[in-house]
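Input: a single structure, listed below in structure tokens.
The values are calculated or read from the model by the stated rules, or taken from the named source; none is laboratory data. None of these values were measured; they are calculated from a predicted model. With ideal geometry, Cβ positions are generated from the backbone for all residues, glycine too; neighbour counts draw on all protein chains shown. Note: accessible area is taken over every heavy atom of the protein model, side chains too, but ligands, DNA and RNA are not part of it. Shrake-Rupley method; radii C 1.70, N 1.55, O 1.52, S 1.80 Å.
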Amino acid sequence: MKAASPFSFPVSPALAAKLAKLGLARDADLVLHLPLRWEDETRVTPIRDLLPGQTAQVQAVVREARVAYRPRRMLTVSVADTAGDVLGIRFLNFYPSHLKLFQPGESFRFIGEVRGGFLGLEMVHPRFARAGDDTPLPDQLTPVYPTTAGLGQATLRKLVERALSAPIADTLPAEWLAALNLPGLETSIRLLHQPPLECALNELESRRHPAWQRLAFDELLAQQLSLASARRQRQSRPAQPLPGRQRLTAGFIGTLPFALTAAQARAWQEISADLGEPHPMRRLLQGDVGSGKTVVAALACLQAIENGLQAAFMAPTEILAEQHFRKLSPLLSALGVRCAWVSGSQRKAERAAAWQAIAAGKVDLAFGTHALFQEAGSFARLGLAVVDEQHRFGVGQRLALMQKGTEPHQLMMSATPIPRTLAMSFFADLDVSVIDALPPGRTPVVTKLVSAARRGDVLARVREACLAGGQAYWVCPLIEESEKLQLQTAQDTYVALTAQLPELRIGLVHGRLKPDEKQAVMAAFQSHEIDLLVATTVIEVGVDVPNAALMVIEHAERMGLAQLHQLRGRVGRGSRESVCVLLYQTPLSELARARLKVIFELTDGFEIARQDLLLRGPGELLGHRQSGLPMLRFADLERDVALLEAARDLAQRCLAGHPDIAARHLDRWIGQRQALSSI
Ligand code: ADP
Ligand code: MG
């Protein structure tokens, strides 16, 4: 039996597979497969008018083709136009068929960049097609599409042309478009596939052309619709309401050695109110490193517990989960809360006992890593799950939390500040609370950029700081290519520092240590049995040792901005002046230089994240490879803020009053690609 083609014209299975790689599964996808750029094939330039550096098309006849072997094997073709002027053509990669093709007297058109070669002007690897003087020239710019191996431009062009032969219905009413000052969909799409000659190429290529703006808007609208409907769906599902009873929360606030900051109090109020709703909460608590998210999360747990339900507190690493447990459980136990700790480093029997107590409802609050909670165990009555350092998991991870029995409320926390536009687009299905100020009494971290050549001075500084009663971190370089090498480097650094700083107590922590070894080192550092902690980037998230006021980061030029900001956030937690020394190795790449400049000049995590977005684009910032969210192809969150805001408003109106339009629009843009599932 032959499967029905999702295209309106025959497409072989082999071709369909290639198209699928580009996300093209039906006519409508081809229609939206827009060119990367365009080439001007509408004119032929006489060879004598060619200028080096220019991209041009010539019409010429082959005079001679031969294979040369020096300086390397290549095919050289000498061609001449009707005026008799000669141009050299060179192919460094070629097949025997090429030699047969370029028979003397045959006529071709070549398009490529002109170079001043050793023997006069030439083109290297031009595109070419057989064409005589009388072969008509196109009267439109030629689109160049994003493609994949084995799928040529010509084939792709033909397919797109076929898909374009049907009329394109607009998904949005004309009055709306007029109000938004956007052109029609059909006009926009046809213009981009086949721009008329008078179209300014630079405007098209910069994507500021109204036709691009229309597509960017539609894409953003689809994203907003899909997220907003996921959110509506969630708000129609039931969950156990957990209203504030002040039985535990008030007591906890009373035992804290500090008052909540205004920003913490505001975030806490939002969360507390949300937990009282009879629908599952999905709230993201954002706050820069050190802004004090943990106590707010603890309060949320207490509100669940005072309603007779259980809470889970999850962290991405064992170090961090353990730290939360150690810090919070004494405070909470004093209030009568039964805490438990589930860890990969526990003995089997111990872990089983912990799970058993959780399942029997004898535990109110369980701490552990995300991984653990996803793989095993069940709670007697889980009311709230706190997910710390959510950004470590990419956006999509938030979809994957267990849902057993009643649906738990979720509080996600992130210290990777997300710029407003990103939050508005990719997190539109979540509610967001922001802690936008640090607790008082923090002295800002002083950042120093120091060339690796001055490592000796830095060592002296570390010695001095530790002998004066302080503590320090020494962060080893990130070696992305090899974990083994990374480990080696950390061990070498440890050995070297131990020799160079014999008067200090030095510890080493890295990702390959067994969880209990890791814990032991961290505990020793916490209790100041260790002065200097040599660490790989495992300490990047969440570790909180206020007495450590000096951090040295080796090969800072290899690290990303978010990572540097996170690392630097490990110091500056107490009242003493903190210093972060970024050791860098010259020469610096352009990007590394730009990053170091940003981290040196800025301390505000949001501003750093905004710069990061500019330097890297949203995909990497969100970790989209695991995210499952469709990335934006046409819209640019920096450039198209106004469009994003308009799309957000229209999505609300659409869902409230025009579900048919919403459905039509979503089908056009998302179609069979998996729509975001509701969380
Ligand atoms: P993060 O938001 O990075 O998770 P933490 O919750 O670890 O930050 O808090 C950082 C430090 O600030 C902790 O030592 C914590 O006890 C302290 N802290 C939290 N809130 C306040 C506050 N309102 N006043 C003073 N210190 C606070
Ligand atoms: Mg934290």
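Residue-wise test of (1) among the hydroxyl-bearing types (Ser, Thr, Tyr); (2) under 27 Å from the mean Cα position of the chain (by Cα).
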{"position": "Leu151", "(1), (2)": "no, no"}
{"position": "Glu175", "(1), (2)": "no, no"}
{"position": "Ser188", "(1), (2)": "yes, no"}
{"position": "Leu192", "(1), (2)": "no, no"}
{"position": "Glu205", "(1), (2)": "no, yes"}
{"position": "Pro210", "(1), (2)": "no, no"}
{"position": "Glu219", "(1), (2)": "no, yes"}
{"position": "Gly244", "(1), (2)": "no, no"}
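Say we look at region 558-567 and pick out the residues that are farther than 26 Å from Pro502 by Cα and not small (Gly, Ala, Ser); which of these is surrounded by the fewest Cβ atoms within 10 Å (Cβ to Cβ)? Only one residue tops the list, namely Arg558. Of all residues in region 524-536, those satisfying the criterion of being within 16 Å of ligand 1 (Cβ to nearest atom) and either out of contact with any strand residue (DSSP E or B) (no Cβ under 8 Å at 6 or more places or on another chain) or of a type in the set (Val, Ile, Thr) (or both) are Gln526, Ser527. Quick one: how many residues across region 626-644 are modelled with pLDDT under 80, surrounded by fewer than 18 Cβ atoms within 10 Å (Cβ to Cβ) and within 14 Å of Ala222 (Cβ to Cβ)? Looking only at that region, the number is 1. Of the listed requirements (1) in contact with a helix residue (DSSP H, G or I) (Cβ under 6 Å, 6 or more places away or on another chain); (2) within 16 Å of ligand 2 (Cβ to nearest atom); (3) not charged (D, E, K, R), Gln526 misses just one: (1). For Thr498, indicate whether it is polar (S, T, N, Q) and either touching an Asp or Glu at 6+ places or on another chain (Cβ under 7 Å) or in contact (Cβ under 8 Å) with a residue 60 or more places away in the chain (or both). Judged against the criteria, Thr498 is not a match. Go through region 469-491 residue by residue and tally those that are acidic (Asp, Glu) and surrounded by fewer than 12 Cβ atoms within 10 Å (Cβ to Cβ). Final tally of qualifying residues: 2. Of the residues Asp81, Asp85, the single one that is surrounded by 13 or more Cβ atoms within 10 Å (Cβ to Cβ), in contact with a helix residue (DSSP H, G or I) (Cβ under 8 Å, 6 or more places away or on another chain) and more than 24 Å from Gln140 (Cα to Cα) is Asp85. For region 517-543, which positions are of a type in the set (D, E, K, R), loosely packed, with under 15 Cβ neighbours inside 10 Å and in contact (Cβ under 8 Å) with a residue 12 or more places away in the chain? Hit for region 517-543 is Glu529, nothing else. Among the listed residues Thr261, Thr255, Thr249, which satisfies the condition of being hydroxyl-bearing (Ser, Thr, Tyr), closer than 24 Å to Gly308 by Cα and open to solvent by less than 50 Å² (accessible area, probe 1.4 Å)? Of the residues listed, the single one that is hydroxyl-bearing (Ser, Thr, Tyr), closer than 24 Å to Gly308 by Cα and open to solvent by less than 50 Å² (accessible area, probe 1.4 Å) is Thr249. Residues satisfying the criterion are present in region 64-71 (criterion: acidic (Asp, Glu) and either open to solvent by 50 Å² or more (accessible area, probe 1.4 Å) or farther than 23 Å from Arg127 by Cα (or both)). Does Pro6 qualify as being closer than 26 Å to His665 by Cβ, at pLDDT 90 or above and in a loop (DSSP other than H, G, I, E, B)? In short, no. Tell me, yes or no, whether region 570-583 has at least one residue that is open to solvent by 20 Å² or more (accessible area, probe 1.4 Å), of a type in the set (Ser, Thr, Tyr) and touching a strand residue (DSSP E or B) at 6+ places or on another chain (Cβ under 8 Å). No, region 570-583 contains no residue that is open to solvent by 20 Å² or more (accessible area, probe 1.4 Å), of a type in the set (Ser, Thr, Tyr) and touching a strand residue (DSSP E or B) at 6+ places or on another chain (Cβ under 8 Å).
Rundown of residues vs (1) assigned to a loop (DSSP other than H, G, I, E, B); (2) out of contact with any Asp or Glu (no Cβ under 9 Å at 6 or more places or on another chain); (3) surrounded by 21 or more Cβ atoms within 10 Å (Cβ to Cβ), yes/no style:
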position: Ser226; (1), (2), (3): no, no, yes
position: Arg231; (1), (2), (3): no, no, no
position: Glu270; (1), (2), (3): no, no, no
position: Leu284; (1), (2), (3): no, no, yes
position: Ser291; (1), (2), (3): yes, no, yes
position: Ala298; (1), (2), (3): no, yes, yes
position: Ile319; (1), (2), (3): no, yes, yes
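Of the residues screened, Ala267 is one that is of a type in the set (Gly, Ala, Ser) and closer than 26 Å to Leu644 by Cα. Quick check, is Leu513 hydrophobic (A, V, I, L, M, F, W, C) and over 29 Å from the mean Cα position of the chain (by Cα)? Answer is no for this residue.
Take the conditions (1) modelled with pLDDT under 90; (2) out of contact with any Leu (no Cβ under 8 Å at 6 or more places or on another chain); Pro330 misses just one of them, which is (1).
Of Phe313, Phe325, all but one fail to be modelled with pLDDT under 95, open to solvent by 10 Å² or more (accessible area, probe 1.4 Å), touching a Phe, Trp or Tyr at 6+ places or on another chain (Cβ under 7 Å) and not in a loop (DSSP other than H, G, I, E, B); the exception is Phe325.
Taking (1) away from ligand 2 (no atom under 16 Å from the Cβ); (2) crowded, with 19+ Cβ neighbours inside 10 Å in turn, His555 satisfies each apart from (2).
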